[in-house]
Protein chains: 2
Amino acid sequence: MPEPALTIASLLRQPGLAEACQRWLRGGRHQLRVPEPEDDPLEALDRHREDFDAVLLEENAFPSGVYQELRERGLLLPAVVIGEVSGRIEYHDAEVHLPPDQLEQLSYSLDAAVSRFLRRGLLGAGNLPPGSSGTPPDRWRLANRLRERLGYLGVYYKRDPSRFLRNLPEKERQQLLHSLSRTYRDLLLSYFRDPAAANQALESYVNTAFFSDLPITKTVEIHMNLIDGFWKQLKLEGHKNDFLQDYRLALLDVMAHLCEMYRRSLPADAPLPLAGQLAAVHPPEVR
Amino acid sequence: MPEPALTIASLLRQPGLAEACQRWLRGGRHQLRVPEPEDDPLEALDRHREDFDAVLLEENAFPSGVYQELRERGLLLPAVVIGEVSGRIEYHDAEVHLPPDQLEQLSYSLDAAVSRFLRRGLLGAGNLPPGSSGTPPDRWRLANRLRERLGYLGVYYKRDPSRFLRNLPEKERQQLLHSLSRTYRDLLLSYFRDPAAANQALESYVNTAFFSDLPITKTVEIHMNLIDGFWKQLKLEGHKNDFLQDYRLALLDVMAHLCEMYRRSLPADAPLPLAGQLAAVHPPEVR
């Protein structure tokens, strides 16, 4: 078992949910911990500022004032929010949402949350609300720690090959594909009627596809299977189904996002750092 | 001016074409040379086996027996074929086709040809027709030379940032975008009626998009502009135009190919070399 590389503050309220998350992260590089005092997230995170790399939240578990207070104290951490993908932002705009029936993807979502957090430059003071008291050195410390633990090269995320689809045991492989298909279904169902929700489902799908190194053809396959299912159902019910081809736009959207994510992950301008320069790059250039 | 990193055997027959290619490669890392004797490509390539990294060909310039003889002698080199994208293969299945009115993309096509050549494993004996006399060591020498000159990291292609769209002078940027749009137009026009030709146009587009680090949104923009133009023209002429949305399939196809190309270029399994190990690894490890 590899040394846990990321310590996650679990601020989940439902005991069942906390246990399920624990189960899906078992054996991986993420370790869940419940900070004390359990009943006061502000105090808990403030007291353990140095101990946590990311935070696991539950939708609607806290009044929104709590998040505002966290932001104001400079307590910004990469975050995964378990809940319906509604498009609503709980904590900050680099958070990643994951529905409770898709926890198979939790470890990918955590990686995505860290990656987005660093990319969005939440560590820079510019993005903080006025009056934030987290000093820049505080935030840089977190960035450095994350990079050290995760093997960042500049801002390029090092994916964990042991969690690539092709390297998973057969049963987990099927579970992950099934879960991806559910996320993609959420995306299709909300695509034309709720753009904000669709967007969160899309991001969730793209994150997992990226971090599991999903072959592109698998995405096309998932799309075709779902559309095929819709088509049969509509036909059975005697409805028109020619509008279904509009859903190609959703597939295009997924492809474009995924492609851009890969594109940005490929080292470009910067020549590979030479030995010895790696540690000296601080802060890393954003490509 | 950088040292030319690739020496290209020019087997072009039309003097005008040879000059145009020369012009588009000026100042870059590709150097065109005409091997002697000029009239016998077999002799020319055989005699200068060690001098050339790739070859520039013209469609229909030689009888097909010449290519067969080249293959049989083990004279396989990365190749760009200037000519209409018809889907026909002249020399070998890793060759890259480029129409003569899209020479703006020539340097990208040459890089793509090298990349494809190495990826397709043409260097392995398995892919050669029986009776080929190029011994494996011969072919490995070429592979190693290509890697050394081009800064390959494993089989992952190191793109040349000086030719990224955003780093080109404004005029060249416009020329490249214009040329990409022409290639994409070729793709659309042949998409439903000539799959082989469409495929070559698609590959040409995807290669240039990859090597010029084209933002994904630019591809969507090129697609929309062309479809918009078709739509207006059909409307003016009083034709139906609702079939145009079928062309989304072409865009999907491009995205999927491009995405897969990026995906495969992203170092995957190998762990990051630690500082201090990087320089010692030779040939360099895949990041």
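One residue is enough: does the stretch A:57-67 have a residue meeting the conditions under 20 Å from A:Arg116 (Cα atoms) and either surrounded by fewer than 18 Cβ atoms within 10 Å (Cβ to Cβ) or among the aliphatic types (A, V, I, L, M) (or both)? Yes, that holds for at least one residue. Selection of the stretch B:227-244 for residues being more than 14 Å from chain A (Cβ to nearest Cβ) and part of a helix (DSSP H, G or I) yields B:Asp228, B:Gly229, B:Phe230, B:Trp231, B:Lys232, B:Gln233, B:Leu234, B:Lys235, B:Leu236.
Residue by residue, here is whether (1) within 26 Å of A:Asp242 (Cβ to Cβ); (2) away from chain A (no Cβ under 13 Å); (3) hydrophobic (A, V, I, L, M, F, W, C) holds:
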site: B:Tyr184; (1), (2), (3): no, yes, no
site: B:Arg193; (1), (2), (3): yes, yes, no
site: B:Ala197; (1), (2), (3): no, yes, yes
site: B:Val206; (1), (2), (3): no, no, yes
site: B:Glu221; (1), (2), (3): no, no, no
site: B:Asn225; (1), (2), (3): no, yes, no
site: B:Asp246; (1), (2), (3): yes, no, no
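Among the residues of the stretch A:67-75, not a single one is part of a loop (DSSP other than H, G, I, E, B) and aromatic (Phe, Trp, Tyr).
Only residues that are more than 13 Å from B:Leu226 (Cβ to Cβ) and either more than 7 Å from chain A (Cβ to nearest Cβ) or polar (S, T, N, Q) (or both) were counted across the stretch B:250-262, and they come to 3.
A short reminder: the numbers here are calculations on the coordinates, not readings from a lab. All values reported here derive from a predicted model rather than from experimental measurement. Please note: Cβ atoms are built from the backbone with ideal geometry, for glycine as well, and neighbour counts cover all protein chains shown.
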